[in-house]
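Q: Quick one: the structure is below, and I'll ask about it shortly.
No lab work stands behind these numbers, since they all come straight from the coordinates. Since this is a predicted model, take the numbers as computed values, not measurements. So basically every Cβ, Gly included, is an ideal-geometry build from the backbone, and we count neighbours across all protein chains shown.
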């Protein structure tokens, strides 16, 4: 496996999210979002993207870990833990100590993130309307 700090292509990103069961994203939206990443970690196996994670935010006051995904064929082998550890290490080395680091997680992934110092909190979400047309 090859670890990298290169942001994946929009197509590979969309495919991994779908395979890992994360919410769908379109290639155009991915192209915009990926370009605005503060930091990315990717794992390739035989040239295919099999795991990834990103950091987004303002780089000073607030950042969020997003897109932590592992292909189902590679799950259960510690890749999610390793991706998360690399993202957290980058934050600790590159962001002010008072920067608020957060993430959104499914209930089943809470133990994974708790091992890295995250704790559940209460928040609110406003999800995109899937019926709204994307801008052209």
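Q: Along Cα→Cβ, 7 Å out, is where each label goes; now give me the distance between the ones at residue 19 and residue 102 in nm to one decimal.
A: For the pair residue 19/residue 102, the computed spacing is 3.1 nm.
Q: Further question: For region 72-114, just the Cα atoms, rotate onto the principal axes and tell me the three extents in Å, largest first.
A: 36, 19, 13
Q: Using the count of nearby Cβ atoms within 10 Å as a rough guide to exposure, how do 38, 79 rank from fewest to most?
A: With the sparsest Cβ surroundings first, the list reads 38, 79.
Q: OK, next. Rg and Dmax in Å for the chain, alpha carbons only: what are they?
A: Reported Rg and Dmax, both Å: 14.8, 42.
Q: While we're on this one: Using every Cα-Cα pair within region 28-88, state what percent have a distance larger than 15 Å.
A: Details: 939 of 1830 pairs.
For region 28-88, the fraction of Cα-Cα distances above 15 Å is 51 percent.
Q: For a footprinting-style exposure proxy, rank 102, 73 by other Cβ within 10 Å, fewest first. Provide the component values of the computation, followed by the final result.
A: Details: 102 14, 73 11.
Fewest-to-most ranking of 102, 73: 73, 102.
Q: Between residue 109 and residue 77, what is the label-to-label distance in nm when each label sits 7 Å out along the Cα-to-Cβ direction?
A: Placing both labels 7 Å beyond Cα along the Cβ direction yields 1.9 nm.
Q: Could you compute how fast region 1-63 diffuses translationally, taking Rh as the Kirkwood radius over C-alpha pairs and applying Stokes-Einstein at 10 °C with viscosity 1.306 mPa s? Give it in µm² per second. Kindly include the intermediate steps, with their values, before the conclusion.
A: Working: Rh = 12.1 Å.
Roughly 131 µm²/s, to the nearest whole number.
Q: Now for a separate question. Relative contact order for the chain using alpha-carbon pairs under 8 Å, separation at least 6, rounded to a whole percent? Can you show the working numbers first?
A: Numbers: 185 pairs, mean separation 26.4, N = 136.
So the answer I get is 19 percent.
Q: Here's something else I'd like to know. Order of 124, 112 from fewest to most other C-beta atoms within 10 Å? Mind showing how you got there, number by number?
A: Working: 124 4, 112 17.
So the ranking, lowest neighbour count to highest, is 124, 112.
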